[in-house]
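Scroll down for the structure; my scribbles are underneath it.
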Amino acid sequence: MATTSPERALLDLYWIPLGAGARIVRTCGWLYEALVALVQHRPRCPLYHSALVADTPSGRYVVEVTPVPAHDDRDRGVIGGGAVGSRLLGWLRVFRYELRRWRDGVIPDIGCAVDSPVRISDDADVVRTVLALLSEVPTPVWGRDELRAGEMWNSNSVISWALGRAGVIDAAGRPPRGGRAPGWDAGAVVARRSSSGTGPAQAHGDPEAPVAAL
C-alpha cells in the first residue's frame, strides 16, 4: 500500500557580518561598536546581521530587514516596515526600513555569512509558524528602544522576535567568533512579553500586509 511522504521544510539562520558589501554601513557599525565598547570597558567585537532562509513545499523564502531601495520595482515580498532613527523623518525613503518575506528572493550578502547556515528547524509546522508570525512583528522606530526592551530595535530584533514567538530561538545559539548581534536580545524580550500577554508589544505601526497562504 502506498504511503504519503511527510511534508518537508527547512529553516536556516545566517549570520552576516554587518556592512558586508556596504562600506558606509560597515563604517557606521565600527564607530557604534567602538563607542559602546568604550562605555562598557571591553574590547570591540565583530557585529552581525541575521537573516532567515526557509525552504517549504510551496517555495523558498528569504527573510531580512533592509533599507528601502531607491529604485526597485520588483515584488520583494515586503510585509512591514517602519521609520529609522526618528518617526518624524519616516516619510523620507532614506529613513525607512522594510521587512521582506520574499518568495524566491535573494540576500545579496549571504555569501559573506560566517559559520552559517545554522539549522533552526526541519519541522514543517515550525517553519510555517515562523513565516506566518512575521506578519505580526512589531514595527517600532529602528535604532530606538520604544518598546523598553533594554536595547535598540533593529533587524536582529525582528529575527529573534519571530524565533522567540515560535519557541525555537535557542536553536540559533549566539553570533559566531565572539561577535555581537545588537538588537537580538530586544526581540527576545518583546517575544516573551507577547507570549505571556504582558507589557507593550507594538508601537505605532502594523505590518503592511496580511498573512499569505504559504
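Annotation for the stretch 59-69: at least one member residue is acidic (D, E), under 30 Å from L11 (Cα atoms), modelled with pLDDT of 80 or more and part of a strand (DSSP E or B). Somewhere in the stretch 129-136, is a residue assigned to a loop (DSSP other than H, G, I, E, B) and surrounded by 17 or more Cβ atoms within 10 Å (Cβ to Cβ)? Scanning the stretch 129-136, I find no residue that is assigned to a loop (DSSP other than H, G, I, E, B) and surrounded by 17 or more Cβ atoms within 10 Å (Cβ to Cβ), so the answer is no.
Restricting attention to the stretch 109-122 and to residues that are outside any helix (DSSP H, G or I) and surrounded by fewer than 16 Cβ atoms within 10 Å (Cβ to Cβ), the residue that is farthest from the chain's Cα centre (by Cα) turns out to be D122.
Checked against (1) in a strand (DSSP E or B); (2) at pLDDT below 95, S50 passes all but a single condition, namely (2).
What tally of residues in the stretch 86-102 results from selecting those that are crowded, with 16+ Cβ neighbours inside 10 Å and in contact (Cβ under 8 Å) with a residue 24 or more places away in the chain? Break it down into steps so the answer makes sense when it comes.
Within the stretch 86-102, the subset crowded, with 16+ Cβ neighbours inside 10 Å is 87, 90, 95-102.
If we keep only those that are in contact (Cβ under 8 Å) with a residue 24 or more places away in the chain as well, we get 87, 90, 96-102.
So the answer is 9.
In the stretch 175-203, of all residues being in contact with a Lys or Arg (Cβ under 7 Å, 6 or more places away or on another chain) and not hydroxyl-bearing (S, T, Y), the one that is modelled with the highest pLDDT corresponds to A191. A search for C-beta distances below 6 Å between a residue of the stretch 39-51 that is under 24 Å from V130 (Cα atoms) and any residue that is hydroxyl-bearing (S, T, Y), counting only pairs 6+ apart in sequence or on different chains, returns H49/S155; A51/Y14.
The values are calculated or read from the model by the stated rules, or taken from the named source; none is laboratory data. Being a predicted model, the structure only gives us computed values, none of them experimental. Here Cβ is always computed from backbone atoms with ideal geometry, including for glycine, and neighbour counts include all displayed protein chains.
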